[in-house]
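The values are calculated or read from the model by the stated rules, or taken from the named source; none is laboratory data. Because the structure is predicted, anything quoted here is derived from the model rather than measured. FYI the Cβ positions are ideal-geometry reconstructions off the backbone, even for glycines, and counts take in every protein chain you see.
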Amino acid sequence: MIASGSQVDSASAVSRRARVLVADDTESIRALFQKLLTNEGHQVISVEDGIEALDAARRHRPDVILLDVGMPGIDGLEVCRQLKSDPSTRLTPVVLVTGLSDLSDRIKGIEAGADDFLSKPVHPHELRARVASLSRVKQLTDALDSAEAAFVALALTIEARAPMMNGHCERLASHAVVLGRTLGLPAEDLDALHRGGYLHDLGKVGVPDSILLKPGPLTAEEFDLMKRHPDIGDMLCAPLQSLQNVRPIIRCHHERLDGSGYPQALRGDEVPLLAQIVGIVDVFDALTSKRPYRDALKLEDAARHLIGEVEEGKFARAHVEAFLDTLHTTVSV
Ligand SMILES: [Fe+2]
């Protein structure tokens, strides 16, 4: 059920009208929240269980979610956990509505990623203040999301300038996530790998086209300029809080375990794991893509080349072998 408020008081006139999802199995509480929030000018989506809450959160993209902890079926804690592990909803503020003295629910709520709590019986002023402040937080994270979306668009524009790179970012994101999952990495690392796949070469915006699109090998001077792209990309992303876990990928995807990479010639464990993963799939994608000066390598030849890089100490054997397994490619070495 969706309702819009018509009465807007002076306080809400200066605050943002939010879309609020209310999930509670008690009809009287849903009705109370709906009345209080619509009176503030907010739009309210009201559902009565956890499954409906998850569905409504993904379909209506609310600004704030109020979850009763004790719902039948999927309870509020599990709904919160699922919302916070889904990249499309993890930045949406979640308020858990709990009994006043239920400390264990609150601890579990913090562990589930809840942003705030309301105690029953809910005081109308507290409800209004909580929704107003969290919808401002959402407004800010939406703005950051927009900045990230602009960076992704820029990265794809850079890719589009080089026709032979067509689809590189998308393939990289996909391969990196598959490898990360195979290595048993948690959801937040898979999310970083996905975004890092798109953004790893963002810094190429600072590399002249004459170098970026050069059909042949680069001179030493040109390569020095090219080697600046990880630092440029990292610098662009530095102000965005939402990209902090992606920055090591951008900064270090050309570092190699034997210290032969750039820009910092890091060695071994100094190279962040997520950057190692993107480094492997980046090299693989370059090898299996056509270049003006050579044809795309066959899968087996690219796999053999990667194994060669393992033997030189550039990549971890376990990571490369796990990646090749995901491609169902076997190479005798
Ligand atoms: Fe790169």
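Among the residues making up the stretch 71-86, those that are touching a residue at least 40 places away in the same chain (Cβ under 8 Å) and surrounded by fewer than 19 Cβ atoms within 10 Å (Cβ to Cβ) are PRO72, SER85. Would you confirm whether or not the stretch 272-294 contains a residue that is on the phi < 0 side of the Ramachandran plot, buried (at least 20 other Cβ atoms within 10 Å of the Cβ) and free of Cβ contacts under 8 Å to residues at least 24 places away in the same chain? Among the residues of the stretch 272-294, not one is on the phi < 0 side of the Ramachandran plot, buried (at least 20 other Cβ atoms within 10 Å of the Cβ) and free of Cβ contacts under 8 Å to residues at least 24 places away in the same chain, which makes the answer no. On the stretch given as the stretch 258-271, residues that are away from the ligand (no atom under 16 Å from the Cβ) and either part of a helix (DSSP H, G or I) or surrounded by 20 or more Cβ atoms within 10 Å (Cβ to Cβ) (or both) total 3. Taking the stretch 1-35 as the range and being out of contact with any strand residue (DSSP E or B) (no Cβ under 8 Å at 6 or more places or on another chain) and either under 15 Å from LEU134 (Cα atoms) or at pLDDT below 50 (or both) as the test, the residues that pass are SER6, GLN7, VAL8, ASP9, SER10, ALA11, SER12, ALA13, VAL14, SER15, ARG16. LEU297 meets each of the listed conditions (1) away from the ligand (no atom under 16 Å from the Cβ); (2) crowded, with 16+ Cβ neighbours inside 10 Å; (3) in a helix (DSSP H, G or I) apart from (3). If you filter the stretch 234-252 down to residues that are of a type in the set (A, V, I, L, M) and touching a residue at least 24 places away in the same chain (Cβ under 8 Å), you find that the one that is nearest to the ligand (Cβ to nearest atom) is ILE250.
Looking only at helices (runs of 4 or more DSSP H) that lie completely in the stretch 135-230, which have at least 3 residues being at pLDDT below 95 and within 21 Å of the chain's Cα centre (by Cα)? Please lay out each step first, then the result.
Values: elements: 168-182, 187-199, 209-212, 220-226.
The helices (runs of 4 or more DSSP H) meeting that bar are 168-182, 187-199.
Please verify whether GLU255 is among the acidic types (Asp, Glu), within 16 Å of the ligand (Cβ to nearest atom) and within 21 Å of ARG291 (Cβ to Cβ), treating the condition exactly as stated. Criteria not met by GLU255.
Counting only residues that are closer than 12 Å to GLY197 by Cα and surrounded by fewer than 16 Cβ atoms within 10 Å (Cβ to Cβ), the stretch 157-173 holds 2 of them.
Filtering the stretch 103-134 to residues that are touching a helix residue (DSSP H, G or I) at 6+ places or on another chain (Cβ under 8 Å), surrounded by fewer than 17 Cβ atoms within 10 Å (Cβ to Cβ) and assigned to a helix (DSSP H, G or I) leaves only PRO124. Of everything listed in (1) under 17 Å from PRO230 (Cα atoms); (2) out of contact with any Asp or Glu (no Cβ under 9 Å at 6 or more places or on another chain); (3) away from the ligand (no atom under 16 Å from the Cβ), the single unmet condition for HIS305 is (1).
Look through ASP269, ASP231 and report the one residue that is under 24 Å from GLU309 (Cβ atoms) and touching a residue at least 12 places away in the same chain (Cβ under 8 Å). Please lay out each step first, then the result.
Details: ASP269 fails: touching a residue at least 12 places away in the same chain (Cβ under 8 Å).
Checking each option against the conditions leaves just ASP231.
Looking only at the stretch 300-333, filter to residues that are polar (S, T, N, Q) and closer than 17 Å to LEU179 by Cα; which one of those is surrounded by the most Cβ atoms within 10 Å (Cβ to Cβ)? Spell out how you get there, then give the answer.
Of the stretch 300-333, the ones polar (S, T, N, Q) are 326, 329-330, 332.
Subset that is closer than 17 Å to LEU179 by Cα: 326, 329-330.
On the way: THR326: 13, THR329: 16, THR330: 10.
Per the stated criteria, the residue is THR329.
For residues that are among the acidic types (Asp, Glu) and more than 16 Å from the ligand (Cβ to nearest atom), scanning just the stretch 176-205, find the one that is farthest from HIS254 (Cα to Cα). Among residues in the stretch 176-205 that are among the acidic types (Asp, Glu) and more than 16 Å from the ligand (Cβ to nearest atom), the one farthest from HIS254 (Cα to Cα) is GLU188.
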